[in-house]
Amino acid sequence: MLLTPVTGQIAYSLLYSIAKGDVFGKDQPIILVLLDITPMLPVLDGVVMELQDCALPLLREVIPTDKVEVGFKDLDAAILVGSMPRKEGMERKDLLKANVAIFKTQGEALEKYAKKTVKVLVVGNPANTNCLIASKSAPSIPKENFSCLTRLDHNRARSQVAMRVGVPSDSVKNVIIWGNHSSTQYPDVHHAIVNHHGKEMSGFDAVNDESWLKGDFITTVQQRGAAVIKARKLSSAMSAAKAICDHMRDIWFGTPDGEWVSMGVYSTGNSYGVPNDLMYSFPVMIKNKTWKVVDGLSINDFSRGKMDATAAELVDERDTALTFLGA
């Protein structure tokens, strides 16, 4: 399994969980390939030492490298964590241009060196569009093998509802994150189910506060990452690492019967009127390492407006990014 880059906070929080079997199973030996830029190799050596010192029985080998031909060779799974962050004074199109270059290179490396069955998770923002660029740069790998992380937003939505109702987070299921991993995403509770002290009820009935669910709940989830940065002066590394583990574990082992999770996946052929050729977050069920969008959910006018707005942002991002893809 590949993780790149490795020396940031998210990857550092993630490595232990993967290496001890929380993602791919307690009986699955793991070879970790850690890819980073050349100046970070001395730091990477320190990470390797720590992994060795954990004495984890499933961890068979750790391969630190700055070479894509080593990093991407014969992969079963790849987690692409890093991207170019937006810097002060940087225009949005400049951010997209920088990230197109990164994810085009990584997509081409996947195409050239990885297994065609590789499962690729893109975390680095703008995650949806970066994921699309990576998939377009690896044309022989099925589009369905690429996904981007909206599980952190999904977990945030579950937690907000659970805290509001006063139940554990695992008593809330089937929330949905529609669209982009950005401030336009739409956290949707219209189909959520809450186990309220042994009685299953709809999310709206359990919360019993429609104005909150259509107002502060949505903005809280949309802006949670910024709120963590403001409070902590650092990004949400621990919760992001947990969400990555959740996402990859569900790909490997599937979702429970009757439950879905949110995942940014290829939109072509969806039943919800979302434009084709985007990586858009839908509710998905997973079986045999294959996701399927949950069809047939009723969409009211409120939801439709939110879903269309985030789709429009993704179309704009995609169209801008594609102008740089051939450059």
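The values are calculated or read from the model by the stated rules, or taken from the named source; none is laboratory data. Keep in mind it's a predicted model, so treat the numbers as computed, not measured. Using ideal geometry, Cβ is built from the backbone for each residue, glycine included, and neighbour counts are taken over all protein chains shown. The protein model used for the area step is the full one, side chains on, heavy atoms only, and it has no ligands, DNA or RNA in it. Shrake-Rupley method; radii C 1.70, N 1.55, O 1.52, S 1.80 Å.
Would you point out which residue out of Ser298, Ser303 is in a loop (DSSP other than H, G, I, E, B) and either crowded, with 20+ Cβ neighbours inside 10 Å or among the hydroxyl-bearing types (Ser, Thr, Tyr) (or both)? Don't jump to the end; show me each part of the working.
Values: Ser303 fails: in a loop (DSSP other than H, G, I, E, B).
Residue meeting the stated conditions: Ser298.
Scanning the stretch 125-171 for residues that are in contact (Cβ under 8 Å) with a residue 24 or more places away in the chain, of a type in the set (Gly, Ala, Ser) and open to solvent by 10 Å² or more (accessible area, probe 1.4 Å) turns up Ser137, Ser140, Ser171.
Rundown of residues vs (1) touching a strand residue (DSSP E or B) at 6+ places or on another chain (Cβ under 6 Å); (2) of a type in the set (A, V, I, L, M); (3) under 22 Å from Asp295 (Cβ atoms), yes/no style:
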site	(1), (2), (3)
Ala157	yes, yes, yes
Ser183	no, no, no
Ala192	no, yes, yes
Asn195	no, no, no
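Quick grid of which residues meet (1) of a type in the set (A, V, I, L, M); (2) touching a Gly at 6+ places or on another chain (Cβ under 9 Å); (3) in a loop (DSSP other than H, G, I, E, B); (4) more than 17 Å from Leu132 (Cα to Cα):
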{"position": "Thr220", "(1), (2), (3), (4)": "no, no, no, yes"}
{"position": "Ala241", "(1), (2), (3), (4)": "yes, no, no, yes"}
{"position": "Thr255", "(1), (2), (3), (4)": "no, no, yes, yes"}
{"position": "Val265", "(1), (2), (3), (4)": "yes, no, no, no"}
{"position": "Asn270", "(1), (2), (3), (4)": "no, no, yes, no"}
{"position": "Tyr280", "(1), (2), (3), (4)": "no, yes, no, no"}
{"position": "Val284", "(1), (2), (3), (4)": "yes, no, no, yes"}
{"position": "Asp308", "(1), (2), (3), (4)": "no, yes, no, yes"}
{"position": "Ala311", "(1), (2), (3), (4)": "yes, yes, no, no"}
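The set of residues from the stretch 286-295 being within 18 Å of Phe146 (Cβ to Cβ), assigned to a loop (DSSP other than H, G, I, E, B) and either small (Gly, Ala, Ser) or without any contact (Cβ under 8 Å) to a residue 40 or more places away in the chain (or both) comprises just one member, Asn288. Restricting the stretch 3-60 to residues that are part of a strand (DSSP E or B) and open to solvent by 60 Å² or more (accessible area, probe 1.4 Å), the residue that is farthest from Arg232 (Cα to Cα) is Arg60.
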